[in-house]
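Scroll down for the structure; my scribbles are underneath it.
The values are calculated or read from the model by the stated rules, or taken from the named source; none is laboratory data. Since the model is a prediction, treat every value here as computed from it, not as a measurement. Because the Cβ atoms are built from the backbone with ideal geometry, glycine has one as well, and the counts that use them run over all protein chains shown.
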Amino acid sequence: MPTKDSIKNSLTQDHAALAQLIDALPDLDTVLDEAVEVIAQMEGRLIVTGLGKSGHVGTKLAATFSSTGTPAYFLHPAEASHGDLGMVTPGDVILALSWSGETRELSDVLGYAKRRHVPLIALTGEADSTLAQAASVVLKLPKVREACPHNLAPTTSTLLQLALGDALAIAVLERKGFSEESFHTFHPGGSLGAQLKQVDEVMHDAQTLPLVAVDAPVITAITELSAKGFGIVGVVDGAELKGVITDGDIRRYLEQQADATMRGALHDAVTGDIMTTGSVTLAPSMIAGEALATLQSKRISAAFVVTDNKPCGLVTLLRLLNRGAA
């Protein structure tokens, strides 16, 4: 059984290694910029390759690049030597991972890249290694001791590979202007997909909107509130939204009319007299997660979606939560 001390020692070494990587970043600035530009300007795909633990890290990095707007896939170096090199085209870029830089199984990939003039980016711990010498750009990681007590099992080294690889992916994302809307394109499923949906994908549409005219009697707003069940009614002048009436507005209005007859209170006043102006509205292109945050911060349960101040939809807190926004 591992002891708490051994776990703490391992975490301490990993944190120290990350600190070394951060300290080394100023020296990596130029080559990081070069790597970002090479990937951002490529016409093909990013081929990530590596063996063993570096290969596992490479598989994850390929997935991260793909999900952030850079087409990428993982190429197993052993399979590459048996036909899969045919997937590599001159427009591609290769990102090769090897802590030692001397992984024999990478030799055919390196030779192929040189013959076909495919740009090669090395992510390695050895600047003088075979991999580094073959690369167009070398991302040199700081030398660290593995968290393994024997300094053998790849642990801290793979953490550094992953950290710098992720940093490279994010830098490319920013360089290419990959937006929240772009995320939704590649993440249509799961909770992330729900948060990244646009409001017009989750809203109640125009056919179901609770709307009353600005000169309609108050009883009309109450009827619409009861019929639609959203707890809110939009007050419009023609097609333009002028304000809203909520259940709370109706209660407060009736409290003020305690000395009036019920018929007078409901029929003599019009919706424009009791509506709330300047209410919160949402844009159809707003991200669902942002819409949820807006409703929560304003402590409201619903808001109209408008285009040119004309209501085209309605979003409720319950609707957003049911659709998975968080």
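Considering only the range 224-245, state which residues are more than 15 Å from Pro311 (Cβ to Cβ) and touching a residue at least 24 places away in the same chain (Cβ under 8 Å).
Initial filter on the range 224-245 (more than 15 Å from Pro311 (Cβ to Cβ)): 225-227, 229, 231.
Leu225, Gly231, listed by residue number.
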In the range 68-183, which strands (runs of 3 or more DSSP E) lie fully inside it and hold 2 or more residues that are at negative phi and touching a Ser or Thr at 6+ places or on another chain (Cβ under 6 Å)?
72-75, 93-98, 120-124
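Take Gly55 and decide whether it is in the same structural domain as Pro154 (by TED's automatic domain parsing), modelled with pLDDT of 95 or more and in a helix (DSSP H, G or I). Can you show your working first?
Working: in the same structural domain as Pro154 (by TED's automatic domain parsing): yes; modelled with pLDDT of 95 or more: yes; in a helix (DSSP H, G or I): yes.
Taking the combined requirement at face value, the residue satisfies it.
Which of the residues that make up the range 36-45 are under 10 Å from Val137 (Cβ atoms) and either surrounded by fewer than 16 Cβ atoms within 10 Å (Cβ to Cβ) or touching a Ser or Thr at 6+ places or on another chain (Cβ under 9 Å) (or both)? Walk me through it before giving the result.
Here is the first cut: in the range 36-45, the residues under 10 Å from Val137 (Cβ atoms) are 36-39.
Within the range 36-45, Glu37, Val38, Ile39 meet the criteria.
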Looking across the range 196-223 at residues that are farther than 27 Å from Ala293 by Cα and either crowded, with 20+ Cβ neighbours inside 10 Å or free of Cβ contacts under 8 Å to residues at least 40 places away in the same chain (or both), the single one that is nearest to the chain's Cα centre (by Cα) is Val212
Expected single match for in the same structural domain as Glu105 (by TED's automatic domain parsing), touching a residue at least 12 places away in the same chain (Cβ under 8 Å), farther than 15 Å from Thr158 by Cβ and over 23 Å from the mean Cα position of the chain (by Cα) among Glu43, Glu37 is Glu43
Can you confirm whether Lys176 is touching a Gly at 6+ places or on another chain (Cβ under 8 Å), at pLDDT 80 or above and surrounded by fewer than 18 Cβ atoms within 10 Å (Cβ to Cβ)?
yes
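Kindly establish whether Phe74 is of a type in the set (Phe, Trp, Tyr) and modelled with pLDDT of 95 or more. Let's see the steps before the verdict.
Numbers: of a type in the set (Phe, Trp, Tyr): yes; modelled with pLDDT of 95 or more: yes.
Criteria met by Phe74.
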Residue check, Leu292 modelled with pLDDT of 90 or more and hydrophobic (A, V, I, L, M, F, W, C)
no
Of all residues in the range 125-169, how many are surrounded by 20 or more Cβ atoms within 10 Å (Cβ to Cβ) and basic (Lys, Arg)?
1
Mind checking which pairs have a first residue in the range 82-106 that is without any contact (Cβ under 8 Å) to a residue 40 or more places away in the chain and a second that is assigned to a loop (DSSP other than H, G, I, E, B) and surrounded by fewer than 16 Cβ atoms within 10 Å (Cβ to Cβ), Cβ under 9 Å, 6 or more apart or different chains?
Gly101/Ala127; Gly101/Asp128
Sort through Gly272, Gly248, Gly289 and tell me the only one that's over 21 Å from Asp200 (Cα atoms), touching a residue at least 40 places away in the same chain (Cβ under 8 Å) and in a helix (DSSP H, G or I).
Gly272
Could you say whether any residue in the range 239-249 is modelled with pLDDT under 90 and either of a type in the set (A, V, I, L, M) or in contact with a helix residue (DSSP H, G or I) (Cβ under 7 Å, 6 or more places away or on another chain) (or both)?
yes
Given the conditions (1) in contact with a helix residue (DSSP H, G or I) (Cβ under 7 Å, 6 or more places away or on another chain); (2) part of a helix (DSSP H, G or I), report the number of the one that Leu28 does not fulfil.
(1)
Going through the range 81-104 one residue at a time, which ones are surrounded by 13 or more Cβ atoms within 10 Å (Cβ to Cβ), in contact with a Gly (Cβ under 9 Å, 6 or more places away or on another chain) and of a type outside the set (S, T, N, Q)?
Val88, Asp92, Val93, Leu95, Ala96, Leu97, Trp99, Gly101
